[in-house]
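Input: a single structure, listed below in structure tokens.
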Amino acid sequence: MKKLKNVYERSVNRRSFMKTGMLAGGAATIGAGLLSGGSPAFGEDNDRDDRLSRGDVAILRFLAAAELIESDLWTQYTELGGVTSGTQNRYQLALQFLDGDGSQYITSNTLDEVSHATFINAYLESKGADPVNLDKFRNLKGSQATGAKDIGRLTNLMQLNVDTSWYIRYRSETNPDFGATFPQAIKINSRTAIPRNDVDFEGEDHIQAIADTAAFHFGSIEQGGSSLYAALSQKVSSAEVLRITLGIGGDEIAHFLEWVDFAGNAVQGPPFDFNNQQSPVTDNGLTFPNFNNPPNPLLQTNLIFPVPCEFISPQLPKCAVIRPLSDQFGGAMAAVESLTGSGLFTGQSGQFLATLSALATAADSARRER
């Protein structure tokens, strides 16, 4: 059983090895309730030479919505697992068992996502387009654990079906854009990724399993963002909007690589386990085993960079890339379907899902203008 105390005393982890040289029906129309008023509609001012194409606005609107959703879920992680002053709770310690800087990374990731949402909305306004506002949908009840704020949420982190196939996909030489499919690295169904109440802080394996679930969810969210920005960048017309999608998309990739490493720490086994404990974490039927026993390159925990895979054409050499990059698997609607299927929107209204789907359809329908 892993111990939660003295997490900073871990003598060996993968990052220390790297540091020392060993080598990380309404698709066309957006409902008025979604948008903040006050700005002229895009494209109405014919005297402006900096107005965006309809497709670029649709792309940015969906990305603004996606970043608001990310900001909401990451804020919940930060409230309970991020950097705080004073005595740390057992969830923070469990996250720091995976990496001593875990709480700081969570806080930093949250700040980044909030900045993305704020920037994209401000950019839309600067071009005469309405920003996206999802506040009317902040109706979900969040955690009741000490540290969580009693406010409405967009997302539900307490009934997640975490897609862990990304872990195997990025270690495979095959590509989903060419039809490849991947099994789940771990089956995580209907599990909470944050303490639901103070009772969840109890039990070493219980709270560690919650933190380990979060670790794989972190990677699932950020790999989705990496593919989303890359897929939508191919549709952008404006060079300036392309700077935005490439710039923010690059930050999403940086997040993803950190969480690949983080998730690997949850399943790396000895010699990295605290106090060299070799037993896996098991909690109410969910087990996080040692992925390195037996050795399997598709589960290898110190592979944090994408393995070269099929790209553009099977006749070309394999190349290490972000994947998927197609609308079908990495576009806006694919992102909505993935998030919905994960249980992230459990309890949300039909209007919320319809609004998000309309934004996604409009973004996927965008075409690059020459």
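Sorted on the mean count of surrounding Cβ atoms within 10 Å across their residues, most packed first, peptides 259-269, 82-92 read 259-269, 82-92.
A full extension of the chain between GLN144 and SER115 corresponds to an added length of 7.8 nm, given 0.36 nm per residue minus the alpha carbon distance. Inter-part distance, region 79-152 to region 291-370, computed on C-alpha centroids, equals 22 Å. Ignoring aspartates and glutamates fewer than eight residues from LYS141 along the same chain, the ones with Cα atoms less than 16 angstrom from its Cα are ASP72, GLU79, ASP150, ASP198. Annotation: aspartates and glutamates with alpha-carbon distance below 12 angstrom to LYS187 (same-chain offsets under eight excluded): ASP163.
Based on alpha-carbon atoms, the Kirkwood radius and the radius of gyration of region 225-370 give Rg/Rh equal to 1.06. What is region 187-288 by shape, rounded, prolate or oblate, if you read a ≥ b ≥ c off the alpha carbon gyration tensor as root eigenvalues and call it rounded for a/c under 1.5, prolate for a/b larger than b/c, and oblate otherwise? Since a/c reaches 1.5 and a/b is larger than b/c, the shape of region 187-288 is classed as prolate.
Here, each number is a calculation from the coordinates, and none is a lab measurement. As the structure is a computational prediction, the values presented were derived from the model and not from experiment. Neighbour counts run over all protein chains shown; Cβ positions are idealised from the backbone, glycine included.
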